[in-house]
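Derivation of every value follows stated rules applied to the coordinates shown; laboratory data play no part. These figures come from a predicted structure and were not determined experimentally. As a convention, Cβ positions derive from the backbone with ideal geometry for all residues, glycine included, and neighbour counts pool all protein chains shown.
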Amino acid sequence: MKIDKTIKREVAYIGAFVLILSALLQAVFLIIGKWDYRVLCGNLLSGTFAVLNFFLLGVTVQKATTRTRDKAAELMKFSSTMRMLFLFAVALLGALLPSCFNLIAVLVPLFFPRVAIMLRPMIRRGDAEVPKAPGNDPEKSRSDGERDFDLSESSDKDEND
Amino acid sequence: MELAIGIILGCCALGAGTAMIAGIGPGIGEGNAVAKACEAIGRQPESIGPVRTTMLMGCAVAETTGLYALVIAILLLTWAPGHLVDIFLGAIG
C-alpha cells in the first residue's frame, strides 16, 4: 500500500515537533540537575513510539477512508485498541526497567503529538494572512458553485432533506 | 498490617483497571468520526485530502483521553503502591 502524501507530511510535522519538544525535555532535566542516560533512553523510546503510533493512526485512517462506513468504524476501533495496548506495553517497559529508563521521561513524550497539534493553529496563523492570489478567491469559488468542505453544511443539508 | 498493605495494593490495581475503562472512549469516538468521514468522502470525493487531514488530527486528539488513562494506570501499577505503602508504614511508625 502506498502511503498518502498528506499522511507523510503530517507525520513529518509531528516528528519534527516531537524532536523539538524532546530537546526541551532534556534541557529541563539538565536545568533541574536530574539528567542522566536513563532520561535520554526513556525519551528516545517514548518519542519514537509516539511518532510510530501517529504514523499507524495515519495508515489506518488512509485504509479506513477506502472502506464502507461500518467496516471503517470497525477497523478504527480495532486499530485504536491495538495501538493503546502497544503504548501500554511501551509505558510498562519503561516503568519496569528503572535501571534503563526514567519513568517521567517515558510518560511525558507520549503527549508530544497532542502538544504539536495544539500548537498547530499558532504556526499556521501566518498562512491565513498571505494575500490572496488572483483567481484564488474562496468567495468567488463559492459563487461559481464550488463548496469548501464543511461537515456542518453537510449535516444541515441532511436535516433539510 | 499485611491486610492493610494488601488492601492498598488491591486498591491500586482496582484503580488502574478502572482508569483503563477510559480507553474504550477513544475507540468508539474514532470509529464514529471515521464513519462520518467516509460518508462525507462518499458525498464529495474531491474533498478526500482535507477530510483525511482533519480526521487524522481529530483522531490524534481523541486518543489523548486514552493516553491520560494509560498514564494514570501505569503510575497506579508501578509507582503508587511502593509510595503508598511507605506513607502507610511511616504513619503507623
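One table, with the values for the structure above:
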{"item": "Cut-off 12 Å between beta-carbons: net charge of the residues surrounding A:L110, Lys and Arg +1, Asp and Glu -1", "result": "+1"}
{"item": "Residue order, fewest to most beta carbons within 10 Å, for A:M84, B:M55", "result": "A:M84, B:M55"}
{"item": "Shielding by partners - mean other protein chain Cβ count within 10 Å, residues of B:56-65", "result": "6"}
{"item": "Exercise: per-residue mean of other protein chain Cβ atoms within 10 Å, A:50-62", "result": "3"}
{"item": "Where trypsin sites (Lys or Arg not before Pro) fall in DSSP loop in the stretch A:1-40, at most 15 other Cβ within 10 Å", "result": "A:K2, A:K34"}
{"item": "Spatially near lysine pairs across the stretch A:5-120, Cα under 26 Å, sequence gap of 8 or more or different chains", "result": "8"}
{"item": "Debye, to nearest 20: dipole size of chain B, +1 on Lys, Arg Cβ, -1 on Asp, Glu Cβ", "result": "260 debye"}
{"item": "Gyration tensor verdict on the stretch A:1-125 (Cα atoms; rounded if a/c is under 1.5, prolate if a/b is larger than b/c, oblate otherwise)", "result": "oblate"}
{"item": "Average beta-carbon neighbours from other chains, 10 Å sphere, peptide A:90-103", "result": "2"}
{"item": "Cα gyration tensor category, rounded, prolate or oblate, for the stretch B:2-92 with a/c compared to 1.5", "result": "prolate"}
